[in-house]
Amino acid sequence: MRKLFSVALILLVTLGIPALAAYVGHRLTYQHLRKRPWQVNSLVAEQVRRWQCNESLAGAFKLAGVPLDGVERCYYEVPDFNRVSWCCRDMPTPFVGYAPQPGDGVCGHINRLQFRCDHELARPKPAGVCRVFVVGGSTAFGAGASSTQRTVAGYLQQHFRHRLPEVRRLPPGPATARDAGDPHRLQRFLETFRRCHSVEVITAAASGWTSTHERILIENRIVELEPDLVISLSGHNDAFFSSFDKNILWSRGFQDDYYFLLVNSLLSCNFGQTFPPDDPGKEPGIRADDVARRLLHNVRLAQAALEPTGACYVWALQPILAAARKPLTPREQAMAQRARQDRLLPVYARIRETLSSSQSVGFAYLDLTDVFDHLDGQTDVFVDGCHFGDRGHDLIARALADRILAELSLSAQTLPRGTPP
């Protein structure tokens with residue numbers, strides 16, 4: 001009997017305990033898989049790590065499993081991709097949800113107003129300074145730029161300053177351009193530009209922002225900073241998020257989802273409660289007409305907010321890979337296959353049609369989808385479907401300068417002239 005008991009005990013130890021451990025492990029794994037991401041600390045930690053890694057272009061491409069081979073051809077000089085910004089370190093921000101976190105980072109310096117700018121804005125604005133803001137999403141922010149000076153805004157500042165002598169040679173505008181309520185808003189900007197001794201162009205953007213974020217920023221922030229010109233470099237994110245059934249007037253962005261994960265993790269671990277995971281902006285069946293109508297709603301409100309300031313508003317449809325008519329390089333062709341932007345083209349067409357017919361006093365619409373069409377199939381500009389290296393940012397800025405100054409020159413030629421003060 002004692003011998004049988006010993007054999008049974010040995011079998012229990014050698015077989016029973018591993019079996020029990022396997023069962024417990026199976027149940028724990030099953031429970032683990034059933035949990036939401038915020039209920040598992042390791043998953044939350046992984047998301048935080050990925051978010052931090054996404055700050056640089058090198059980190060973002062590594063996360064996506066895409067090689068960097070050939071990306072250096074999008075630059076005038078080969079940069080250190082670990083020091084090239086991609087998605088800025090953002091923080092929760094009133095009304096717009098999130099915006100860049102003040103301080104120094106991969107993207108360079110973010111000032112106290114959360115703009116990608118290496119200095120604080122003087123308030124009130126100094127006499128003789130023409131102040132320009134570039135608003136938008138990641139392209140306007142400068143994802144892929146090797147420095148703040150090589151964002152669209154950075155290059156635009158260089159081009160505007162370089163062309164000040166040309167603008168000063170334009171004929172003076174009507175004397176009424178100085179009066180409040182004057183209808184010739186473009187002419188008023190021309191007069192400001194002609195008389196200024198310095199131009200500052202400020203990046204006021206964040207990755208993932210749509211025209212709704214731009215409009216709120218203009219209404220609540222920029223109007224108090226004495227703008228002379230506001231440029232929205234936009235369109236892609238409205239089309240992109242709408243293609244995933246998101247109502248751009250009422251939905252969460254990628255950064256909002258990240259903060260949502262962190263808050264739900266805190267609530268789940270400490271209080272056993274969470275917010276419902278559904279995005280209230282989900283709206284199946286969004287049409288191109290819906291996107292264009294909502295975008296126009298934002299544009300009109302932004303324009304109305306700027307009207308009392310006397311600032312001109314320019315809305316520019318940003319280039320994307322699928323809309324480009326340049327011969328694509330082999331690497332750009334591979335990126336086009338990866339981006340799969342064909343679904344965005346009908347939305348772009350509707351936006352183009354809607355804003356082209358909405359030209360009005362103080363507002364100009366520019367289509368920048370053709371800015372690379374003169375390039376050959378040996379020149380890389382697209383880092384991916386909608387982002388650029390320094391060369392692409394420079395070409396976009398040149399096109400903005402050329403076309404805005406062409407609008408001003410046309411205004412100077414066609415409006416009645418008065419006696420300059």
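Which of the residues spanning segment 39-92 are charged (D, E, K, R), part of a helix (DSSP H, G or I) and surrounded by fewer than 15 Cβ atoms within 10 Å (Cβ to Cβ)? First the steps, then the outcome.
Of segment 39-92, the ones charged (D, E, K, R) are 46, 49-50, 55, 62, 69, 72-73, 77, 80, 83, 89-90.
Subsequent filtering for residues that are part of a helix (DSSP H, G or I) retains 46, 49-50, 62, 72-73, 83.
Within segment 39-92, E46, R49, R50, E72, R83 qualify.
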Review point. Does any residue of segment 263-273 turn out to be among the hydrophobic types (A, V, I, L, M, F, W, C) and closer than 26 Å to L368 by Cα?
Key: no
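Within segment 236-245, is there a residue that is surrounded by 19 or more Cβ atoms within 10 Å (Cβ to Cβ), closer than 30 Å to T369 by Cβ and touching a Pro at 6+ places or on another chain (Cβ under 7 Å)?
No, the conditions are met nowhere in segment 236-245.
Please determine whether any residue of segment 93-115 is at positive phi, surrounded by 17 or more Cβ atoms within 10 Å (Cβ to Cβ) and either part of a loop (DSSP other than H, G, I, E, B) or basic (K, R) (or both). Give the derivation first.
Step one: of segment 93-115, the residues at positive phi are 95, 97, 103, 108, 114.
Narrowing the set further to residues that are surrounded by 17 or more Cβ atoms within 10 Å (Cβ to Cβ) leaves 97, 108, 114.
So of that shortlist, the ones also either part of a loop (DSSP other than H, G, I, E, B) or basic (K, R) (or both) come out as 114.
Among the residues of segment 93-115, at least one is at positive phi, surrounded by 17 or more Cβ atoms within 10 Å (Cβ to Cβ) and either part of a loop (DSSP other than H, G, I, E, B) or basic (K, R) (or both), which makes the answer yes.
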Checked segment 241-273 for anything without any contact (Cβ under 8 Å) to a residue 24 or more places away in the chain and in a loop (DSSP other than H, G, I, E, B); matches are F244, G272, Q273
* **Yes/no for L170 being modelled with pLDDT of 80 or more, of a type outside the set (D, E) and either over 30 Å from W86 (Cα atoms) or touching a Pro at 6+ places or on another chain (Cβ under 6 Å) (or both)** => no
Note on segment 125-156: residues assigned to a helix (DSSP H, G or I) and surrounded by fewer than 23 Cβ atoms within 10 Å (Cβ to Cβ) are S138, T148, Q149
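The values are calculated or read from the model by the stated rules, or taken from the named source; none is laboratory data. If you're wondering where the values come from, they're calculated on a predicted model, not measured in any experiment. With ideal geometry, Cβ positions are generated from the backbone for all residues, glycine too; neighbour counts draw on all protein chains shown.
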